[in-house]
Amino acid sequence: MARLNLYAKDYVVFDLETTGLSPEKDEIIEISAIKVRNGQVNSIFSTLVNPGRPIPDRATAINGITDEMVLNKPTLKDALKDFLDFAGDDILVGHNIHNFDMNFLCAGALRELHRKVNNDHVDTLFLARNLLPLSKFRLTDIASYFHLETKGAHRALQDCAMNQQCYEEMRKLWEAQAGTNDDKRADCLCPRCGSLLVRRKGKFGEFLGCSSFPGCRYTKNV
């Protein structure tokens, strides 16, 4: 499992709603995902999850999910199994998932299903920080930058739909940055880590460098 900086044509964008911030102490109460094939929405997965305990008022204030809404919904074990079956081996895409959602997902899968989550993932928070001239990088800030609808934020499926559109919009910026010639194409990927190679200028002229720099320092002559 690795965090990638790249644009994938086939992927699953997902989002979780939880009772709090700790994967050890808090619970997942909603899982939603959108499967994308060749840049287009293919299918949708969404379920509320019964955490087996009361949902704190502070969580309900953020996402609007109440105890009554999850009363007859699947347990985390069943919901996670269905989601992981839906996602398969796809790259997972989400906003701030590297430090939040993936932690909940991996902890839940290990605890409830005794299995590891091996999917690579793309965090749109990192992409946006590299691409967009913003001071804040909340999902709603990025969506507003692209003039996308932000109504319904903080419910998992709406956030998935919003982020899928943001990801596709950022792909266009990537392609513009990489150019249109064969040696600048946006699908020119780093052979070491799979991230996008972008055109840069250095002391000795232009070159293609890994967009994951400084984590990956791979370069390629133009």
| task | Assign unit charges at the C-beta atoms only (+1 for Lys and Arg, -1 for Asp and Glu), then state the dipole size of the chain relative to its Cα centre in Debye, rounded to the nearest 20. | result | 1000
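Using DSSP to call loops (not H, G, I, E or B), can you name the trypsin sites (Lys or Arg not before Pro) in region 19-49 whose Cβ has at most 10 other Cβ atoms within 10 angstrom? Before the final figure, lay out each step's value.
Working: sites: 25, 35, 37; in loops: 25.
Sparse-neighbourhood loop trypsin sites (Lys or Arg not before Pro): 25.
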| note | Residue span residue 60 to residue 81: 0.36 nm per residue of separation minus Cα-Cα distance leaves a gain in nm of 5.1 nm
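Expressed as a fraction of 2.2 N^0.38 Å, the rule-of-thumb size for a compact globular protein of N residues, what is the C-alpha radius of gyration of the chain? Can you show the working numbers first?
Numbers: Rg = 18.5 Å, N = 222, 2.2 N^0.38 = 17.1 Å.
In units of the globular-protein estimate, the chain measures up at 1.08.
Give the calculated FRET efficiency between residue 118 and residue 213 to the nearest 0.05, with a Förster radius of 22 Å applied to their Cβ-Cβ distance.
0.30
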| request: For residue 153 and residue 42, calculate 0.36 nm times their separation in residues minus their Cα-Cα distance, and state this gained length in nm to one decimal. | output: 37.8 nm
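Assuming R0 = 25 Å, what is the FRET efficiency of residue 172 and residue 201, from their Cβ-Cβ distance, to the nearest 0.05?
On the way: r = 22 Å, r/R0 = 0.88.
Approximately 0.70, to the nearest 0.05.
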| said: Can you return the lysines within cross-link range of residue 203? Criterion is Cα-Cα under 25 Å, with same-chain partners fewer than 8 residues away left out. | reply: 184, 220
| ³J(HN,Hα) across region 134-150 via Karplus (A = 6.51, B = -1.76, C = 1.60, θ = phi - 60°), whole Hz, x for Gly/Pro? | 10, 9, 10, 10, 5, 4, 5, 5, 5, 4, 5, 4, 8, 6, 9, 5, 10
| field | Accessible carbon and sulfur surface of region 40-81 relative to its total accessible area, %, 1.4 Å | value | 52
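Can you tell me the accessible area per residue over the chain, all protein chains present, probe 1.4 angstrom, in square angstrom? Don't skip to the end; give the middle numbers.
Working: 11640 Å² over 222 residues.
Averaged over the residues of the chain, the accessible area is 52 Å².
Classify region 62-102: rounded, prolate or oblate, from the alpha-carbon gyration tensor (a ≥ b ≥ c, eigenvalue square roots; a/c under 1.5 rounded; otherwise prolate if a/b is larger than b/c)? Don't skip to the answer; put the middle values down first.
Numbers: a/c = 3.16, a/b = 1.36, b/c = 2.32.
Oblate is the answer for region 62-102, as a/c is 1.5 or above yet b/c matches or exceeds a/b.
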| field | Whole-Hz ³J(HN,Hα) from phi, Karplus 6.51 cos²θ - 1.76 cosθ + 1.60, for region 28-39, glycine and proline x | value | 6, 10, 7, 10, 9, 7, 10, 8, 10, 10, 6, x
| What residue among 125, 76, 134 shows peak mean-square fluctuation when the chain is described by a Gaussian network model with Cα springs under 10 Å? | 134
| request: Show the residues, 5+ positions off or on another chain, whose built amide H is closer than 5 Å to the amide H of residue 3. | output: 121
| said: Could you tell me which residue out of 128, 167, 100 lies farthest along the dipole of the chain toward its positive end? Charges go on the beta carbon: Lys and Arg +1, Asp and Glu -1, centred on the Cα centre. | reply: 128
| query | What angle, in degrees between 0 and 90 and rounded to the nearest 10, separates the Cα long axis of helix 156-178 from the longest principal axis of the Cα atoms of the chain? | reply | 0
| request: Grab the beta carbon distance between residue 68 and residue 192, set R0 = 35 Å, and tell me the FRET efficiency rounded to 0.05. | output: 0.10
| request: Pop out the Kirkwood hydrodynamic radius of region 18-68 from its pairwise C-alpha distances, inverse of mean 1/r, in Å to one decimal. | output: 12.4
| Could you list, bin by bin from short to long, the percent of Cα-Cα pairs of region 129-171 in 10 Å steps? | 31, 58, 11
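The values are calculated or read from the model by the stated rules, or taken from the named source; none is laboratory data. Please read all numbers here as calculations on a predicted model, not as lab measurements. All Cβ positions, glycine included, derive from the backbone under ideal geometry; neighbour counts span all protein chains shown. Protein only, heavy atoms only, side chains kept; ligands, DNA and RNA dropped before computing areas. Shrake-Rupley method; radii C 1.70, N 1.55, O 1.52, S 1.80 Å.
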